[in-house]
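Undergrad: Structure in structure tokens, see below.
The values are calculated or read from the model by the stated rules, or taken from the named source; none is laboratory data. None of the values given here were measured: they were computed from a predicted structure. As a convention, Cβ positions derive from the backbone with ideal geometry for all residues, glycine included, and neighbour counts pool all protein chains shown. Keep in mind that these areas ignore ligands, DNA and RNA; they rest on the heavy atoms of the full protein, side chains included. Shrake-Rupley method; radii C 1.70, N 1.55, O 1.52, S 1.80 Å.
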Amino acid sequence: MPNEILIMIMDSLPAIHVLYSFFCVNKRYHQIIRRYMHQINLADVDPHIKEYSCSTLLPAIRLNIQSLILDDFETFQKILSFNSKTITQLFPYLRHFEILEITNLKSDAVFRDLLLCDESRIEILNMKCNGSIVQLQDQQQDSSRTLRKLTLTLENYNDFLYLLNYMPALEYLDVKAHNINDGEDLYLITSNKFHYLTEFHFILAKMTMYFNRINSLLSLFYKLERLSLNIMCFECQQYIDGYYLIESHNFLPKLKNLIDFEFYLLSITSSDIIIMNPTTAYVIQTFQSEYWLKTGWKIGCFVNPVRDGLRFECHVFSLPFKYERFSFMPDTFLNYKKNYLTVMACCNWINVRFLFLHDVNHRQYSVEFFKLIEKDFRNLKTLCMNKGCSLNDQLIHDRRLTLNTVNILAVDDENMSKDFGKRMLLMVPNIKILIICSRNLMEITNNFSDQDLRIICSNILKVAHSDDNGNLIQSKEYFDYFPNLLK
């Protein structure tokens, strides 16, 4: 068979499968497959292929590897277990490295080997680690002079700040931190002047009281051209709106080169501070000042006053909405406003995959609300209902409205009504995964005999019980009602 035909066939296969199949066959094949030795992806491959790659293949072609993607830290350790070298010594020409999940507390060693050493030539790094790297802070480290693009998921915001000191060449930074505590940023950032950083994406997974820390950090990124922020704040002394963001002591006026600004900022005010409750109409006007009109950025917002009259939630966001997750959405979202006029809004929410419904006032969700979700959230996959959610009578009895794209539903409120639970299941006819309290499931399905829900439940692949009584319903009727559950 001609080489051209072989290459066409090989190009249609994952590179690691080509190498596994044809490595060391003969000289002809060795010459052909050299083109597949530069980029190695071991994520989601067969265990036998992974074992062979770690022990034999990667050490043999190590001088050719420029990009390496691993799915977990165990694979990283396995590669090193067959060699006495560090990862940068083993692959001296490595430029792009990813570990998609690190679930133990050895992140310190990984960062030290990959970045904080003179031998590293890595330019692009993507890592997700659940452990802290505090041990690094007790030692003197070398800076990475080559790293230009970094994507990180870290447990602590302070770990992120510490690492920034050793990455002076960064141009692109994408960070997700799980939590942020009180602290002094200028103390943690001592050396990096961020001369090259032009793009920064930041998501904070948990709510924080310390938006000021992020604000002070952003003020240092004076060359930013593109910025993305997804932050939820509580106990705020002042709500975040268009006026607040452009005050002289905040970050936006300092970013003179900023071209794109994408954001979702939720601020929940403190009950200890007396603030005039704003309306949605007032907040959107704050994004119609000269600064915002000059940028041309499209903004949306809505305000949800808390029933006690002392606090309120202020949601402000860029449009189209960039993020896959929208949290704490009340029924008042239905009346959100924009700082621009257009009749085409159908693309504003196509990125949202996960929707978390929560109304601090326990206001009932309406038919109009779910019609908006059905019309504009075209790629919604996961719908999560927080405790206390309820539907109005019209929605309970009108069964025509459905969300056909949703395949995961979480309704784990032990106190939810039977009508609510049944209507939510009927609303998602293509559901594959259900998260629910076992007692509620028995009540909603009338002990697995309700005929209205039988077809929907027969297509469900997994039921996750949010209580400890799931074993109580493992009856014949249960498995007959859910015949396609994965074993």
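Undergrad: Select the helices (runs of 4 or more DSSP H) contained entirely in the range 1-98, then report the ones holding at least 3 residues which are open to solvent by 60 Å² or more (accessible area, probe 1.4 Å) and out of contact with any strand residue (DSSP E or B) (no Cβ under 9 Å at 6 or more places or on another chain).
TA: Details: elements: 3-11, 15-22, 27-33, 47-52, 73-81, 87-90.
Helices (runs of 4 or more DSSP H) meeting the threshold: 3-11, 15-22, 27-33, 47-52, 73-81.
Undergrad: Starting from the range 167-183, keep only residues that are without any contact (Cβ under 8 Å) to a residue 12 or more places away in the chain, then list their pairs with residues that are surrounded by 15 or more Cβ atoms within 10 Å (Cβ to Cβ) and outside any strand (DSSP E or B) whose Cβ atoms are within a distance under 7 Å, requiring at least 6 positions of separation or different chains.
TA: Final answer for the pair search is none.
Undergrad: Within the range 286-312, track down each residue that is assigned to a strand (DSSP E or B) and out of contact with any helix residue (DSSP H, G or I) (no Cβ under 9 Å at 6 or more places or on another chain).
TA: As a first pass, look at the range 286-312 and keep what is assigned to a strand (DSSP E or B): 299-305, 312.
Matches in the range 286-312: PHE312 only.
Here is a yes/no grid of residues against (1) within 23 Å of PHE211 (Cβ to Cβ); (2) open to solvent by less than 50 Å² (accessible area, probe 1.4 Å):
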residue	(1), (2)
ASN277	yes, no
GLY300	yes, yes
VAL306	yes, yes
LEU310	yes, no
GLU313	yes, yes
LEU319	yes, yes
TYR340	no, yes
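Undergrad: Next question, about the same structure. Considering every residue within the range 459-467, establish whether at least one is under 24 Å from PHE354 (Cα atoms), in a loop (DSSP other than H, G, I, E, B) and open to solvent by less than 40 Å² (accessible area, probe 1.4 Å).
TA: Scanning the range 459-467, I find at least one residue that is under 24 Å from PHE354 (Cα atoms), in a loop (DSSP other than H, G, I, E, B) and open to solvent by less than 40 Å² (accessible area, probe 1.4 Å), so the answer is yes.
Undergrad: Among the numbered criteria (1) farther than 20 Å from PHE482 by Cβ; (2) open to solvent by 40 Å² or more (accessible area, probe 1.4 Å); (3) not in a loop (DSSP other than H, G, I, E, B), which single criterion is violated by ASP452?
TA: (1)
Undergrad: Please tell me if PHE261 is closer than 20 Å to ASN348 by Cβ, open to solvent by 40 Å² or more (accessible area, probe 1.4 Å) and in a strand (DSSP E or B).
TA: no
Undergrad: Return the residues of the range 367-396 that are open to solvent by 10 Å² or more (accessible area, probe 1.4 Å), under 27 Å from PHE312 (Cβ atoms) and in a loop (DSSP other than H, G, I, E, B); say none if nothing qualifies.
TA: ASN386, LYS387, GLY388, CYS389, SER390, ASN392
The rows are residues; the columns are (1) in contact with a strand residue (DSSP E or B) (Cβ under 6 Å, 6 or more places away or on another chain); (2) closer than 27 Å to SER366 by Cβ; (3) at pLDDT 95 or above; (4) β-branched (Val, Ile, Thr).
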position	(1), (2), (3), (4)
ASP398	no, yes, no, no
ASN404	no, yes, yes, no
MET424	yes, yes, yes, no
VAL428	yes, yes, yes, yes
ILE436	yes, yes, no, yes
ASN440	no, yes, no, no
ILE456	no, yes, yes, yes
GLY470	no, no, no, no
SER475	no, no, no, no
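Undergrad: Name every residue in the range 438-449 that is over 33 Å from the mean Cα position of the chain (by Cα) and open to solvent by 70 Å² or more (accessible area, probe 1.4 Å), in order of residue number.
TA: The answer is GLU443, ASN446, ASN447.
Undergrad: Moving on to the next point. Just one of (1) touching a residue at least 24 places away in the same chain (Cβ under 8 Å); (2) open to solvent by 30 Å² or more (accessible area, probe 1.4 Å); (3) outside any loop (DSSP other than H, G, I, E, B) trips up PHE479, so point out which.
TA: (1)
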